[in-house]
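Taking it in order: structure first as structure tokens, then the write-up.
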Amino acid sequence: MARAAEPAGIAAGINQIEGYLLLQTERDAARERARRLSARLDWLTSAQRAEVERLYLQDQLAVTEQTLRKVVRRCEELRAEYQEVYRTLRRRLLLVCLLGAAALAGGFAAALTVR
């Protein structure tokens with residue numbers, strides 16, 4: 001997650017490290033799931049067991065990659081939506097402030113001309 005006080009390069013580096021660690025954690029978890037699956041298939045030879053684990057791991061990592069890509073796409077969509085809402089709110093706030101300042105200036109001008 002990018003922090004406001006950090007330069008963009010540092011934030012990008014931190015994001016890369018976080019992504020790498022996330023991927024390694026998922027790879028380790030998928031490897032463990034593959035071992036548990038192959039352990040239940042006690043009739044497999046060692047070579048077959050290794051092949052089942054390799055294929056399971058490959059499939060799990062593909063699913064993880066696909067899921068992460070969907071999450072990234074959705075995050076980008078949400079960021080764009082929130083930025084647009086933020087821009088709209090800023091424009092409205094600026095308009096209200098300008099109208100308020102104009103109303104105050106008009107009120108002061110009216111008060112000065114009444115005297």
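The values are calculated or read from the model by the stated rules, or taken from the named source; none is laboratory data. Given the structure is predicted, the values throughout are model-derived calculations rather than measurements. When we count neighbours, we look across all protein chains shown, and the Cβ atoms used for this are built from the backbone with ideal geometry, even at glycine. Surface areas here come from the heavy atoms of the whole protein model, side chains and all, with no ligands, DNA or RNA. Shrake-Rupley method; radii C 1.70, N 1.55, O 1.52, S 1.80 Å.
Picking from A47, A62, A29, which is most flexible by a Gaussian network model of the chain using Cα springs under 10 Å?
Greatest mean-square fluctuation among the candidates belongs to A47.
Using Cα pairs under 8 angstrom and six or more residues apart, how large is the relative contact order of the chain, in percent? List each step's numbers first, then the result.
Numbers: 30 pairs, mean separation 19.2, N = 115.
Answer for the chain is 17 percent.
Please list, by residue number, every one of the chymotrypsin sites (Phe, Trp or Tyr not before Pro) in region 1-92 that is coil in DSSP and has at most 16 other beta-carbon atoms within 10 Å. Show your work: numbers first, answer last.
Details: sites: Y20, W43, Y56, Y82, Y86; in loops: W43.
Passing sites in region 1-92 are W43.
Expressed as an acute angle from 0 to 90° and rounded to the nearest 10, what is the orientation of the C-alpha long axis of helix 8-40 relative to the principal long axis of the chain?
Around 30 degrees separate the two axes.
For region 1-90, state which trypsin sites (Lys or Arg not before Pro) are in a DSSP loop and have at most 13 other beta carbons lying within 10 Å of their beta carbon.
Counting only loop positions with at most 13 other Cβ atoms within 10 Å, the trypsin sites (Lys or Arg not before Pro) in region 1-90 are R3.
Using the heavy atoms of the protein chains and a 1.4 angstrom probe, tell me the accessible area per residue for the chain in square angstrom. Could you put the intermediate results ahead of the total?
Values: 9510 Å² over 115 residues.
That works out to 83 Å² for each residue.
Gain in length, Y86 to E65, computed as 0.36 nm per residue apart minus the alpha-carbon separation, to one decimal in nm?
Numbers: separation 21, 0.36 × 21 = 7.56 nm, distance 3.10 nm.
Using 0.36 nm per residue and subtracting the Cα-Cα distance, I get 4.5 nm.
How big is the chain by the Kirkwood estimate over distinct Cα pairs, in Å? Display every interim value, and only then the final one.
Values: mean 1/r = 0.0505 Å⁻¹.
Value: 19.8 Å, from the Cα pair sum.
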